[in-house]
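The structure under discussion appears below in the form of structure tokens.
The values are calculated or read from the model by the stated rules, or taken from the named source; none is laboratory data. The structure displayed is predicted, hence computed values, not measured ones. With ideal geometry, Cβ positions are generated from the backbone for all residues, glycine too; neighbour counts draw on all protein chains shown. Side chains included, ligands, DNA and RNA excluded: accessible areas come from the protein's heavy atoms. Shrake-Rupley method; radii C 1.70, N 1.55, O 1.52, S 1.80 Å.
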Amino acid sequence: MRYLLDKVTARRILEGMLKLVENKCITAAETSALYFYRKSIFNGIELYILPQTNKVLYRLAHLSRYTEIIHRFNTETQVLYPAQYYKRWKRRMQEYGFTNEDSEVLAIATFGTTQNKDILGMHGVVTFDRPMINQWKTKHVVIKQRLFDMQRNLISPYCAVALPIVELPDFFANLIIGN
């Protein structure tokens, strides 16, 4: 399984880790994000972050307060990059009323790959963005049909992409069997 962490989810994981190291209380959202993160790591789930998230982490990594936590997080995640058809799919998502940022997340989750180009697409998008989740669920049938229509004209492996599940961390944590 491959899950994309949106920027808020990644931030809550990192903030929760930092607070635990500093012996501070964590919020309910950080607890949820950390629980999902822990279950994913222990069960071999592949976690990915957005290029924008990676840039922010790179800028913060030299600060001693964040160095170890960012290093640990980076060893457990990979950066997802736009693949062919990403831009087209992003425009389609905007046509369904998603914000520019949400469209980027959904497009890269569908048409995203690693630097080595050894995977294509995500099984899920882990997010705290309830409006995006609700919009995705509301428009899912028509989006799925739009992707199906588009796929008929795509070459392999792009013709085989699937839509990700878009949900809260708790939803995915409950899907993961094990620790």
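Only Cα pairs within less than 10 Å get springs; with that Gaussian network setup on the chain, which residue of Phe148, Phe128, Phe36 has the largest fluctuation? So, out of Phe148, Phe128, Phe36, the one fluctuating most is Phe148. What nm distance separates the two modelled labels at Glu95 and Asp149, each placed 7 Å from Cα along Cα→Cβ? My value for the distance between the label points is 0.7 nm.
Based on the alpha-carbon gyration tensor of the range 1-86 and its eigenvalue square roots a ≥ b ≥ c, which shape applies: rounded if a/c is under 1.5, prolate if not and a/b is larger than b/c, or oblate? Judged from the Cα gyration tensor, the range 1-86 comes out oblate (a/c at least 1.5, b/c at or above a/b).
Between the range 84-155 and the range 9-43, the C-alpha centres lie 26 angstrom from each other. Cα axis of helix 100-110 to longest principal axis of the chain: angle in degrees, 0 to 90, nearest 10? Tilt of helix 100-110: around 80 degrees.
Pairs with C-alpha atoms separated by more than 22 Å, drawn from the list Lys7/Lys55; Lys87/Lys117; Lys39/Lys144; Lys55/Lys139; Lys117/Lys137, are Lys39/Lys144; Lys55/Lys139; Lys117/Lys137.
For the range 123-179, the spread of Cα positions along the three principal axes, ordered from largest to smallest, is 41, 27, 13 Å.
Applying a DSSP loop filter and a limit of 15 other Cβ atoms within 10 Å to the GluC sites (Glu not before Pro) in the range 19-76 leaves Glu22.
Computed from the Cβ-Cβ distance with R0 of 41 Å, the FRET efficiency linking Thr114 to Ser64 stands at 0.85. For the chain, with all protein chains in place and a probe radius of 1.4 Å, 53% of the accessible heavy-atom surface sits on carbon or sulfur.
For the options Val56, Val105, Val125, a Gaussian network treatment of the chain with springs between C-alpha atoms closer than 10 Å singles out Val56 as fluctuating the most.
For the chain, the direction-averaged projected area of the alpha-carbon convex hull comes to 10.4 nm².
Gain in length, Ala28 to His140, computed as 0.36 nm per residue apart minus the alpha-carbon separation, to one decimal in nm?
Residue separation times 0.36 nm, minus the Cα-Cα distance, leaves 37.5 nm.
Write down the accessible area per residue of the range 69-132 in Å², having rolled a 1.4 Å probe over the full set of protein chains. Can you show the working numbers first?
On the way: 3020 Å² over 64 residues.
Roughly 47 Å² per residue, with all protein chains present.
Report note on the peptides 136-144, 159-167, 108-116: ranked by the mean count of other C-beta atoms within 10 Å, highest first, their order is 108-116, 159-167, 136-144. Spin-label pair Arg88-Ile177: with each label point 7 Å from Cα along the Cα-Cβ axis, the two points sit 3.8 nm from one another. Charges were assigned to the Cβ only: +1 to each Lys and Arg, -1 to each Asp and Glu. The resulting dipole of the chain about its Cα centre is roughly 340 debye. When Asp118, Asp170 are compared by accessible surface with a 1.4 Å probe, the order from highest to lowest is Asp118, Asp170. Could you give the C-alpha radius of gyration of the range 73-128 expressed as a fraction of 2.2 N^0.38 Å, taking N as the number of residues it contains? Taking the Cα Rg and dividing by 2.2 N^0.38 Å, one obtains 1.14.
Place +1 on the Cβ of every Lys and Arg and -1 on the Cβ of every Asp and Glu in the chain, take the dipole about the Cα centre, and give the residue among Tyr66, Ile41, Val105 whose Cα lies farthest towards its positive end. Value computed over the given set: Val105.
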